[in-house]
1. Could you check how many residues of region 314-353 are surrounded by 16 or more Cβ atoms within 10 Å (Cβ to Cβ), part of a helix (DSSP H, G or I) and more than 16 Å from the ligand (Cβ to nearest atom)?
2. Out of region 141-155, which residues are surrounded by fewer than 19 Cβ atoms within 10 Å (Cβ to Cβ) and outside any loop (DSSP other than H, G, I, E, B)?
3. Residues of region 104-140 being in a helix (DSSP H, G or I), closer than 21 Å to residue 210 by Cα and out of contact with any helix residue (DSSP H, G or I) (no Cβ under 7 Å at 6 or more places or on another chain), which ones?
4. Report, ordered by the first and then the second residue, all pairs with beta carbons closer than 6 Å, sequence separation of six or more or different chains, a first member in region 28-48 that is part of a loop (DSSP other than H, G, I, E, B), and a second member that is crowded, with 16+ Cβ neighbours inside 10 Å.
5. Inspect region 354-373 for any residue being part of a strand (DSSP E or B), at pLDDT below 95, more than 12 Å from the chain's Cα centre (by Cα) and within 16 Å of the ligand (Cβ to nearest atom) and give the result as yes or no.
6. Of the conditions (1) more than 16 Å from the ligand (Cβ to nearest atom); (2) at pLDDT 95 or above; (3) part of a loop (DSSP other than H, G, I, E, B), residue 286 clears all except one; give me its number.
7. Which of the residues belonging to region 250-267 are surrounded by fewer than 15 Cβ atoms within 10 Å (Cβ to Cβ) and part of a helix (DSSP H, G or I)?
Ligand code: FE2
């Protein structure tokens, strides 16, 4: 963006840029100095900042500013540091703008049962050989919080090949991966033939696993379809229908725990609906199996808290919110466990159902996607 005029305001503590488009943006002198593009402030190799707050006097002002063929030349006082700023970079990093209280984080799009008609999916051989296909599949996960995968080799451990597409396995006390099949003496309800309410996994871990992969190796049992529910869409609906209840679930932490095997006592203390300070959704934790007795909610709020918890549970159970699909051998799905709840319908003992699951980290997945986008 071309800049037509510069104005030093408020004794030098603010610099205003007037763009040709008619838009104007203000920047504080401290902010500009902190983000100087000169090689003494930013390492030209890795881009990391080389100064700390002690190099940034609180009384920093813009002493002079002018337009040149290279960009915007700014000299600061005290210290006399000078740097040349790219107007496009400043325009892209401007913070002098109106804010709207968005509940959904950037890139997220909420969904309901209508998405059943076009379940986001990718074909594994294509994801391995074609970068645009991998980019599209990863962006499905960023946008919707889940995606299916077809065309996997039907062999034990194939889920690691999925994780290799974007990151690394997060190992837990359940192992590098876990088996999901009927067991005679289950230590966890996920290993029986019962249907399960939609839930997020392992809220008793802190940090919670951010990505879950579930890969199907056998599925000849009756039923046992997989179901996913957008926790962000449920939170949006709760806020619309019961704003006070939404606020209660966001305001109070819940203790989640798991002590289902010897030598393991996992605990976390986090809200069911976690919001960023800016107000957007960060994480949904919903798993009735692992909520410890509620002691963190004040006595006077407990009835309303239970009412809000029940309302959220009803929304999650509403078939209008769920996307259901049956995995065939060689198919898998990946969920953002900070957002999308998963479940399976009940299944009968006739035939076999065998899935393998593992956890991975979302930051690696988003990093891979951003790197592909930056290169294309
Ligand atoms: Fe689960």
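The values are calculated or read from the model by the stated rules, or taken from the named source; none is laboratory data. These figures come from a predicted structure and were not determined experimentally. Every residue, glycine as well, gets a Cβ built from its backbone with ideal geometry; the counts of neighbours run over all protein chains shown.
1. Of the residues in that region, 2 qualify.
2. Within region 141-155, the first condition is being surrounded by fewer than 19 Cβ atoms within 10 Å (Cβ to Cβ), and the residues that meet it are 143, 150-151, 153-155.
Scanning region 141-155 gives 143, 150.
3. 136, 140
4. 36/83; 37/83; 38/83
5. Here is the first cut: in region 354-373, the residues part of a strand (DSSP E or B) are 354-360.
From what is left, the residues that are at pLDDT below 95 are 354-355.
The next check asks that each one be more than 12 Å from the chain's Cα centre (by Cα); those that pass are 354-355.
Applying the additional criterion that residues be within 16 Å of the ligand (Cβ to nearest atom) yields 354-355.
Yes, because at least one residue in region 354-373 is part of a strand (DSSP E or B), at pLDDT below 95, more than 12 Å from the chain's Cα centre (by Cα) and within 16 Å of the ligand (Cβ to nearest atom).
6. It fails just one condition, (1).
7. Answer for region 250-267, where residues must be surrounded by fewer than 15 Cβ atoms within 10 Å (Cβ to Cβ) and part of a helix (DSSP H, G or I): just 251.
Yes/no matrix, rows are residues, columns are (1) assigned to a loop (DSSP other than H, G, I, E, B); (2) modelled with pLDDT of 65 or more; (3) surrounded by 14 or more Cβ atoms within 10 Å (Cβ to Cβ):
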{"site": "182", "(1), (2), (3)": "yes, no, yes"}
{"site": "185", "(1), (2), (3)": "yes, no, no"}
{"site": "190", "(1), (2), (3)": "no, no, yes"}
{"site": "195", "(1), (2), (3)": "yes, yes, yes"}
{"site": "207", "(1), (2), (3)": "yes, yes, no"}
{"site": "213", "(1), (2), (3)": "no, yes, yes"}
{"site": "216", "(1), (2), (3)": "no, yes, yes"}
